[in-house]
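A.B. asks: Just passing along the structure, written as structure tokens.
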Amino acid sequence: MDSPVLKLDQVDKTYRSKKGGRIQQVHAVRRVSFEVKPQHIVALVGESGSGKSTIAKLITGVERADAGQIVFLGKPYEEWRRAMRDYRRRVQMVFQDPYAALNPLSTVRYTLSRPLTNYRGLKGEALEHEIARILTIVHLTPVKEFIDKLPFELSGGQLQRVVTARALGSSPELIVADEPVSMLDVSIRAEILRLIEELRREAKVSFVYITHDLISARMLADDIVVLYRGTVVEHGRGDEVAKHPRHPYTELLLQSIPNPWAEDLEPTVDLSVMDRVTDDGGCVFRGRCPYAMSVCETSVPKLLEVGEDHRAACFRVEMTHDSEVLNTRV
Ligand SMILES: Nc1ncnc2c1ncn2[C@@H]1O[C@H](COP(=O)(O)OP(=O)(O)O)[C@@H](O)[C@H]1O
Ligand SMILES: [Mg+2]
């Protein structure tokens, strides 16, 4: 089996900030583990505040983990720190807002030339040729129609293609795409997701695809990691998790989707508000769980196998799991 491009092992991150003389702590990412195999797409799914962007920042090196390990191409992040330029070339990021990601005064040609000259030393005709090739990959063709455009002359979908083209410029092995379609017009979201799917196949890039939308995750991803307040509550093959969810939170996410392409899917619950109640050793989801039992107040459920390549962290699962184990023993 191919060794993973990226592996997170028990990664933990707490933000500490001072507010009115008091130190506030937000435990944003809690012992998160998952891996991304070559040319695979792994979706991180969860509502606002579940720690998705923090994981993106930890992977891209914008933030440092407090504990655990991030291993890229078999080498721990600590070792990459001596070769950050190389790391940044190999691990690229696509953000939610393509308008904010691009300099309004830079033409498409200039934007795309930056990574090509900085990381690959291209100039002159070779540079021009590569810009045209990358624009073709992201379907901004005919190239001459787009290459001299400024951001304000392009649509949101076209801008996200430019941002993606810029990420491709450094020939990365991994692209972390943080909610890449949630600010785009509903009608063009599928096109951008199709582009990601093409890039993984043809440009041989692996993706961490971040979304609050389980349906797009299911359409696109090989694996889905469901996060609730920084904790992995369910993890498995995309079709398995989305079709046969085993964690009550994943069930809730599925039930709460009226229309996969609706404008405002992201619930506006501030999950950090509940931090005080749930950092005391119980299940992180118990406050909203329709099945909460007394054990959920006092213990944290472990991620347990519930099927092939499928795990969930819930005491209901643990109970059936134990009885299944007992049954097979009998
Ligand atoms: N720089 C920061 N300082 C303090 N708290 C932060 C910071 N960034 C994020 N948080 C908190 O960490 C939690 C996770 O945030 P985030 O990773 O942005 O979640 P998501 O991307 O899933 O919405 C939230 O409670 C958020 O308020
Ligand atoms: Mg986010």
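A.B. asks: Say whether the condition of being within 16 Å of ligand 2 (Cβ to nearest atom) and either at negative phi or touching a His at 6+ places or on another chain (Cβ under 9 Å) (or both) is met by at least one residue in the stretch 61-76.
C.D. replies: yes
A.B. asks: On to the next question. Could you say which residue among Ser17, Ser3 is within 13 Å of ligand 1 (Cβ to nearest atom) and either among the polar types (S, T, N, Q) or farther than 26 Å from Lys302 by Cβ (or both)?
C.D. replies: Result of the check over Ser17, Ser3: Ser17.
A.B. asks: Oh, and also: Tell me which residues, restricted to the stretch 50-64, are assigned to a loop (DSSP other than H, G, I, E, B) and either surrounded by fewer than 24 Cβ atoms within 10 Å (Cβ to Cβ) or more than 8 Å from ligand 1 (Cβ to nearest atom) (or both).
C.D. replies: Gly61, Val62, Glu63, Arg64
A.B. asks: Where residues in the stretch 22-35 are under 17 Å from Phe72 (Cβ atoms) and surrounded by fewer than 24 Cβ atoms within 10 Å (Cβ to Cβ), which of them is nearest to ligand 2 (Cβ to nearest atom)?
C.D. replies: Ranking the qualifying residues of the stretch 22-35, first place goes to Phe34.
Results for (1) touching a residue at least 12 places away in the same chain (Cβ under 8 Å); (2) within 16 Å of ligand 1 (Cβ to nearest atom); (3) basic (Lys, Arg); (4) surrounded by 14 or more Cβ atoms within 10 Å (Cβ to Cβ), shown as yes or no for each residue.
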| residue | (1), (2), (3), (4) |
| --- | --- |
| Arg82 | no, no, yes, no |
| Pro98 | yes, no, no, yes |
| Pro104 | yes, no, no, no |
| Thr111 | yes, no, no, yes |
| Ile134 | yes, no, no, yes |
| Val138 | yes, no, no, yes |
| Ile147 | yes, no, no, yes |
| Gly157 | yes, no, no, yes |
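A.B. asks: Where residues in the stretch 1-24 are in a strand (DSSP E or B) and among the charged types (D, E, K, R), which of them is nearest to Lys57 (Cα to Cα)?
C.D. replies: The qualifying residue nearest to Lys57 (Cα to Cα) is Lys13.
A.B. asks: Another one. Among the listed residues Arg201, Arg237, identify the single one that is farther than 20 Å from Phe34 by Cβ and touching a residue at least 24 places away in the same chain (Cβ under 8 Å).
C.D. replies: Testing whether each residue is farther than 20 Å from Phe34 by Cβ and touching a residue at least 24 places away in the same chain (Cβ under 8 Å) leaves just Arg201.
A.B. asks: Just to be sure I understand, how many residues within the stretch 36-49 are buried (at least 22 other Cβ atoms within 10 Å of the Cβ) and either under 11 Å from Phe207 (Cβ atoms) or of a type in the set (A, V, I, L, M) (or both)?
C.D. replies: Qualifying residue count, the stretch 36-49: 6.
Read-outs: derived from the displayed coordinates by stated rules, not from any lab. Source: prediction; values computed, not measured. Cβ coordinates were reconstructed from backbone atoms using ideal geometry, including for glycine residues, and neighbour counts include every protein chain displayed.
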